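Following: one structure in structure tokens, then a few remarks.
The values are calculated or read from the model by the stated rules, or taken from the named source; none is laboratory data. On a predicted model such as this, the values are computed, not experimentally measured, just so you know. So basically every Cβ, Gly included, is an ideal-geometry build from the backbone, and we count neighbours across all protein chains shown. For the accessible areas, the whole protein counts, side chains as well, though only heavy atoms, and no ligand, DNA or RNA atoms are used. Shrake-Rupley method; radii C 1.70, N 1.55, O 1.52, S 1.80 Å.
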Amino acid sequence: MSSYLALLMFPALMALIIAGFPIAFSMILVATGFGIIQFGDVAAYQLLTKIEDTASNSILAAVPLFIFMGAMLERSGIAERLFEAIHMWTRRLPGGLGIGAIILGTLFAASSGVVGATEAVIGMLAIPVMLKHQYSKSLMSGTICASGSLGTAIPPSITVVVLGPVAGVSVGSLFSGLLIPGFLMALMFMAYIIGVAYLKPEMAPRIQEQEPDVALGEKLRITLIALVPTMLLIFTVLGTILMGLATPTEAAACGALGSIILAAAYRNLKVAVLWTSAVKTVNISAMILLIVLGGSMFAGVFFASGGMATVQALLMDTGLSPWMIIGMILLIAFIAGFVLDLISVVLIIIPVAMPIVRMLGFDEIWFCVAFLVVLQTSYLTPPLAPAIFYLRAITPPEVTLKHMYKGVVPFIIAQLVVLALVLTFPQIALWLPDVMGGPSWR
């Protein structure tokens, strides 16, 4: 009977979230209440153990370091230099401003891993230029939302740093597994923008300014100054992880130091920039790590109560095929992504899902990559898309929610195509981890 009682933890959690309680405190409260009901005084020891486990998990130290790196890139003007350099090469292409935004999103995602910061920076840089050149408001909205969402699918991603330890999967292998699907998604976004620009040029007018073209040598100089330092930062973080030279935490520390050096090189290393970045890092890190702690306590009580065995038995008794069970888990994750932040979805669903995935004989890395693509898709999907709420905060009033909802639909379809490819051809997610030797960097 106690195992069935554990299943009530999920409705209780959703009730508290709907009532307006913060997600972290909701999970801690539910875990404490059900733990006392199930185990009495012993629950206190169990919950304290989870606090110690979370505090001593060295890989979570990468979270504040990645956040600081993203905040420094955002505040120090590095993203502005990148956008100007990319815009210089793409502005004459069909849909050139949109392509530039996607490329900037890809580079920024690969160097910071912070989703909200990526979208905010790209939006503030690209929206005024797109409006000036009379881009379709729906195409503009979809492009900014899609480019910002790449921070989930292109490593290093904070969501992956949290997911790896919870799923018991190597973070390095997840990074390498995400690389091809993430870049494939960015390419599909750009292909759609080019297609729209050709078929409906009024949606993405070519820039017809009469200003003289910059000489090739000058273009190369500006590009090298803007791009090479950022690429070095990306290699410092992502390259060292994939090559097995550093753990994610070590690479994040090097990236945080690298962002400070870059800010100094661009003469933007000011006390105000450092202070703002540090405060933002503390605020976001405290929120994420408290959610991680709550999720760990929630999962611990659920497992100890026999909830996992009950879920497995219920799923097996339905007679569904293994593929249908995987599809059901991904659908639940997609729906949860409407109402919860990505970290919370990971902490609530992954501890329950991973034992089932292993029991059914599916590859862990493949499933986690598919799970992350689903999360990114839910991040864009109306009506409760977090990407749209980020965009709403930085757009002028003439860009309405209707424009945003309409604009993200083609990009959602592109993400679903990538998800279908990953599910149908697992080697898209598994080839690079296999080539890298399947190292375990935890």
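Residue-by-condition table, conditions (1) within 19 Å of Met203 (Cα to Cα); (2) of a type in the set (Lys, Arg):
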{"residue": "Gln134", "(1), (2)": "yes, no"}
{"residue": "Lys137", "(1), (2)": "yes, yes"}
{"residue": "Pro156", "(1), (2)": "no, no"}
{"residue": "Gly177", "(1), (2)": "no, no"}
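Of the residues making up the stretch 289-314, those that are farther than 17 Å from Leu8 by Cβ and out of contact with any Leu (no Cβ under 9 Å at 6 or more places or on another chain) are Leu290, Leu293, Gln312.
Given the options Ala146, Ala126, name the one that is part of a helix (DSSP H, G or I) and either open to solvent by 10 Å² or more (accessible area, probe 1.4 Å) or closer than 20 Å to Thr377 by Cβ (or both). Give the derivation first.
Values: Ala126 fails: either open to solvent by 10 Å² or more (accessible area, probe 1.4 Å) or closer than 20 Å to Thr377 by Cβ (or both).
Criteria check complete, one pass: Ala146.
Would you mind listing the helices (runs of 4 or more DSSP H) fully within the stretch 340-442 where at least 1 residues are among the small types (Gly, Ala, Ser), open to solvent by less than 60 Å² (accessible area, probe 1.4 Å) and over 30 Å from Ala19 (Cβ atoms)?
On the way: elements: 342-360, 364-380, 386-392, 401-424, 427-435.
Filter on the stretch 340-442 gives 364-380, 401-424, 427-435.
Taking residues in the stretch 87-100 that are farther than 16 Å from Leu199 by Cα, and partners anywhere that are among the basic types (Lys, Arg), the pairs with Cβ atoms closer than 9 Å and at least 6 places apart or on different chains are Met88/Lys219; Trp89/Lys219; Arg91/Arg206; Arg92/Arg206; Leu97/Arg91; Gly100/Arg91.
Given the options Leu232, Leu242, Leu227, name the one that is open to solvent by 40 Å² or more (accessible area, probe 1.4 Å) and at pLDDT below 80. Give the steps one after another, and end with the answer.
Numbers: Leu232 fails: at pLDDT below 80; Leu242 fails: open to solvent by 40 Å² or more (accessible area, probe 1.4 Å).
Exactly one of Leu232, Leu242, Leu227 is open to solvent by 40 Å² or more (accessible area, probe 1.4 Å) and at pLDDT below 80, namely Leu227.
Residue by residue through the stretch 66-112, note down the ones that are assigned to a loop (DSSP other than H, G, I, E, B) and not small (Gly, Ala, Ser). The answer is Arg91, Arg92, Leu93, Pro94.
Only one of the listed residues (Ala204, Ala197) is in a loop (DSSP other than H, G, I, E, B) and closer than 26 Å to Glu84 by Cβ. That residue is Ala204.
Listed here are the residues, each with its yes/no results for (1) basic (Lys, Arg); (2) modelled with pLDDT under 80; (3) within 25 Å of Val301 (Cα to Cα).
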| site | (1), (2), (3) |
| --- | --- |
| Leu330 | no, no, yes |
| Phe334 | no, no, yes |
| Leu347 | no, no, yes |
| Arg358 | yes, no, yes |
| Asp363 | no, no, no |
| Phe371 | no, no, yes |
| Ala393 | no, yes, no |
| Pro396 | no, no, no |
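For the stretch 42-60, a residue qualifies if it is closer than 30 Å to Pro156 by Cβ, buried (at least 17 other Cβ atoms within 10 Å of the Cβ) and aliphatic (A, V, I, L, M), and the qualifying residues are Ile59, Leu60.
If only one of Ala167, Ala197, Ala204 is under 21 Å from Ala414 (Cβ atoms), surrounded by 13 or more Cβ atoms within 10 Å (Cβ to Cβ) and modelled with pLDDT of 85 or more, which one is it? Don't jump to the end; show me each part of the working.
On the way: Ala167 fails: under 21 Å from Ala414 (Cβ atoms); Ala204 fails: modelled with pLDDT of 85 or more.
After ruling out the rest, the residue left standing is Ala197.
Residues in the stretch 110-140 that are polar (S, T, N, Q), within 25 Å of the chain's Cα centre (by Cα) and at pLDDT 80 or above: Ser138 only. Could you please find all residues in the stretch 69-113 being farther than 18 Å from Thr236 by Cβ and among the small types (Gly, Ala, Ser)? Result: Gly77, Ala85, Gly95, Gly96, Gly98, Gly100, Ala101, Gly105. Just one of the listed residues (Leu227, Leu257, Leu238) is free of Cβ contacts under 8 Å to residues at least 60 places away in the same chain, out of contact with any Phe, Trp or Tyr (no Cβ under 6 Å at 6 or more places or on another chain) and in a helix (DSSP H, G or I), and it is Leu257. Residue pairs whose Cβ atoms lie under 7 Å apart, separated by 6 or more positions or on different chains, with the first residue in the stretch 63-84 and over 15 Å from Thr281 (Cα atoms) and the second in a helix (DSSP H, G or I) and of a type in the set (Ser, Thr, Tyr), are Ile78/Thr230; Leu82/Thr230. Screening the stretch 302-324 for residues that are at pLDDT 85 or above and not small (Gly, Ala, Ser) and picking the one that is most open to solvent (accessible area, probe 1.4 Å) gives Trp323.
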